[in-house]
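To keep things clear, I will list the structure first and then write my remarks on it.
The values are calculated or read from the model by the stated rules, or taken from the named source; none is laboratory data. Given the structure is predicted, the values throughout are model-derived calculations rather than measurements. No Cβ is skipped: glycine too gets one built from the backbone with ideal geometry, and neighbour counts run over all protein chains shown. What goes into the accessible areas is simple: the full protein's heavy atoms, side chains included, and nothing from ligands, DNA or RNA. Shrake-Rupley method; radii C 1.70, N 1.55, O 1.52, S 1.80 Å.
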Amino acid sequence: MSAEAVTDSGIWFRVEASSAASAVRRAAERLGAQVGIGEVRIADLAIVAAELTSNLVKHADEGVLLLRPVRRAGQAGVELVAIDSGPGMADLTVSSQDGHSTTGTLGIGLGAIVRQASWFDGYSLPGRGTVFAVQVWPAEPPRPSWAGALTRPITGETVSGDGYAVRVADGRHQVLVSDGLGHGPLAGAATDAALAAFRNAPAGPPAAVVAHLHRSMSHTRGAALAVAELAPEAGVLRYAGLGNIAGVIVEEDGRRRGLVSLPGIAGHQRPAIREYEYPLGLGSRLVMHSDGVADRWRLEDYPGLAERSPLVVAATLLRDAGVRRDDACVLVARSWA
């Protein structure tokens with residue numbers, strides 16, 4: 001692990017032995033200093049990192065941990081997402097209390113994480129594994145985000161060609177998922193161009209934003225991408241996509257409605273761009289993902305998962321539906337009251 005600055009896409013660690021704990025802790029401390037959370041919170045962050053990795057070593061199968069900066073409301077913090085396919089827990093709330101242990105230890109690990117964290121959320125299912133997300137902020141944490149996402153590079157690469165972005169532009173709540181053609185740095189450069197263009201695009205409906213991205217990406221190898229706009233106060237979701245980005249609205253009762261993307265590659269030729277409008281009920285979830293995630297998931301297979309944060313839902317779907325032979329990205333956004 002080098003001492004280079006951690007980018008917004010973060011660093012994935014495979015946690016298989018106790019030696020990983022020190023590597024994760026040192027990287028977390030460096031990131032805390034990089035984003036300026038202060039010495040006291042860096043010390044708290046070190047405890048969180050050590051306990052998360054210790055739990056993965058003791059209890060997990062195929063445990064991985066994502067470390068990345070998180071920025072909202074004019075401040076920066078550090079986020080850790082621990083994912084495993086281990087035995088899981090029947091009641092994560094009970095397991096987070098001091099004194100609860102399944103291995104004969106003091107049982108203070110998850111309790112220590114909860115105490116030091118500014119925000120945390122998790123989901124566990126017996127026999128399926130656990131996802132635990134933690135944020136450490138320098139001061140009062142901002143409100144939890146209405147959208148959450150993760151990306152993971154194809155096995156053997158350190159750069160992912162998939163990416164996402166979230167913005168609120170003139171009251172428009174919009175999200176983007178992009179899949180740069182191919183893999184590696186050139187695919188990553190195409191998606192980076194899409195993300196930059198999205199963040200700087202004039203406020204407008206999804207079709208206008210996709211057209212802007214297309215014009216801004218002509219110097220790249222291109223990407224499949226889709227932009228969604230959630231307007232729950234109007235009861236609608238607006239969507240425009242090019243290529244094989246999957247979009248699904250999941251209603252509160254578990255019903256799924258697939259969203260339409262047209263053939264094409266942003267940045268290449270002159271693709272047809274069309275915007276579609278769908279009903280969006282309060283409590284619905286939008287799930288978008290690249291083709292590095294198999295479309296075999298069903299939220300109803302995970303009792304209670306839909307009520308967790310968008311980030312924890314995205315991490316769970318990435319674990320169970322992501323494929324190792326491709327870059328992968330999952331984004332989840334929630335409708336709100």
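The fraction of all Cα pairs in the chain landing in successive 20 Å bins from 0 to the largest distance is 32, 59, 9, 0, given as whole percents.
Compute the acute angle (0 to 90°) between the alpha-carbon long axis of helix 39-59 and the principal axis of greatest extent of the alpha-carbon atoms of the chain; round to the nearest 10°. Helix 39-59 sits at roughly 80 degrees to that axis. Sorted into 10 angstrom bins from 0, the C-alpha pair distances of the range 105-220 split as 12, 29, 29, 22, 7, 1 percent. Using only the alpha carbon atoms of the range 147-335, find the Kirkwood hydrodynamic radius as the inverse mean reciprocal pair distance, in angstroms to one decimal. Hydrodynamic radius (Kirkwood, Cα only) of the range 147-335 equals 16.1 Å. Sequence-ordered 3J(HN,Hα) estimates for the range 233-247 from the Karplus curve with 6.51, -1.76 and 1.60 and θ = phi - 60° stand at 5, 9, x, 9, 10, 10, 8, 9, x, 10, x, 9, 8, 8, x Hz, glycine and proline given as x. Placing +1 on each Lys and Arg Cβ and -1 on each Asp and Glu Cβ, with no other charges, gives the chain a dipole about its Cα centre of roughly 580 debye. Each of Pro142, Tyr239, Val323 was scored by the projection of its Cα onto the charge dipole of the chain, and the greatest displacement toward the positive side belongs to Tyr239; charges sit on the C-beta of Lys, Arg, Asp and Glu. Per residue, the accessible area of the chain comes to 43 Å², computed with a 1.4 Å probe over protein heavy atoms only. Considering only Gly243, Gly38, Gly171, the mean-square fluctuation computed in a Gaussian network model of the chain, springs between alpha carbons under 10 angstrom, is largest for Gly171.
Over all distinct Cα-Cα pairs of the range 117-160, the Kirkwood formula returns a hydrodynamic radius of 13.3 Å. Each of Ile154, Pro202, Leu56 was placed along the dipole of the chain (beta-carbon charges, centred on the mean Cα), and the one lying farthest toward the positive end is Pro202. Roll a 1.4 angstrom probe over the protein heavy atoms and tell me the percent of accessible area of the range 147-335 that is carbon or sulfur. Using a 1.4 Å probe with all protein chains present, the range 147-335 comes out at 50 percent carbon and sulfur. Summing Lys and Arg as +1 and Asp and Glu as -1 over all other residues whose Cβ lies under 10 Å from the Cβ of Leu311 gives a net charge of -1. Applied to the range 250-261, the Karplus parametrisation 6.51 cos²θ - 1.76 cosθ + 1.60 on θ = phi - 60° returns per-residue 3J(HN,Hα) values of 10, 6, 4, 8, x, 5, 10, 10, x, 9, 8, 10 Hz, with x for Gly and Pro. Annotation for the range 200-256 versus the range 270-337: alpha-carbon center distance of 13 Å.
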